[in-house]
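Here's the structure we're looking at; comments come further down.
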Amino acid sequence: MAEKAAKQGEIPVGAVVVKDGKIIGKGFNQRERKQLATKHAEIVAIEKACKRLKSWRLDGCQIYVTLEPCPMCAGAIANARIDTLLFAAEEKTSSDGLLQSILSSLRLNHKVEVKRCEGKEDAQLLLQNFFKEKRKKSSK
């Protein structure tokens, strides 16, 4: 999914929602193509999973993401009642603990387990190469 985003000129982030070992929703960043600020990979994957299950509650689901989710996506993950978030690469500014603060907020009545998953190096390389190419093109 992340590679698909990169091929379309989008920041290469992909996400899949899994239930009972089966992918029920997948998405990639589409902000540029759709010109919608909310078209992050996680949101797209969550929307597709909800549609497939015919429910906004994604109990018993996991979401796998190539990059640590932003605050908007973290909120969507919690509000969709997803059980577990697994991400590969950390956001470069993640040392502030914002993701954990959002997902463990007392305001939320659902808690999401957060884990790291495989693919960190691949995800980082894809992101680094994407931005390297962008900088190259903008300097011409």
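A full extension of the chain between Ser94 and Met72 corresponds to an added length of 6.5 nm, given 0.36 nm per residue minus the alpha carbon distance. Summed over qualifying helices (DSSP H, 4 residues or more, each -39500 (n - 2.57)) and divided by its residue number, the chain shows a 222 nm mean residue ellipticity of -11500 deg cm²/dmol. Length available on full extension from Glu32 to Glu118: 0.36 nm per residue minus the Cα-Cα distance, which gives 28.2 nm. Highest mobility in the GNM of the chain, judged by mean-square fluctuation with C-alpha springs under 10 Å and restricted to Ala123, Ala37, Ala15, is found for Ala37. Report, in listed order, any pair from Lys54/Lys120; Lys48/Lys137; Lys39/Lys92; Lys51/Lys92; Lys7/Lys111; Lys19/Lys136 with a Cα-Cα distance greater than 29 Å. Violating the 29 Å Cα-Cα cut-off are Lys54/Lys120; Lys48/Lys137; Lys51/Lys92; Lys7/Lys111; Lys19/Lys136. Beta-bridge orientation, the chain: approximately 55 percent antiparallel, per DSSP, counting only bridges with both partners inside.
Calculated FRET efficiency, Arg52 to Lys136, Cβ-Cβ distance, R0 = 30 Å: about 0.15 to the nearest 0.05. Distance distribution note for the chain: the fraction of Cα pairs above 25 angstrom is 24%.
Here the Gaussian network model covers the chain, with springs between Cα atoms less than 10 Å apart; of Asn79, Asn109, Asn29, Asn109 fluctuates the most.
Accessible surface of the chain, 1.4 Å probe: 51 percent of it comes from carbon and sulfur atoms. Placing a pseudo-label 7 Å from each Cα along the Cα-to-Cβ vector at Glu3 and Leu106 gives an inter-label distance of 4.7 nm. With springs connecting C-alpha atoms under 10 Å apart, model the chain as a Gaussian network and identify which of Leu106, Leu58, Leu86 has the largest mean-square fluctuation. For the chain, modelled as a Gaussian network with Cα springs under 10 Å, the answer is Leu106.
The values are calculated or read from the model by the stated rules, or taken from the named source; none is laboratory data. Since the model is a prediction, treat every value here as computed from it, not as a measurement. Neighbour counts are summed over all protein chains in view; Cβ atoms, including those assigned to glycine, are modelled from backbone coordinates with ideal geometry. For accessibility, only protein heavy atoms count, side chains too; no ligands or nucleic acids. Shrake-Rupley method; radii C 1.70, N 1.55, O 1.52, S 1.80 Å.
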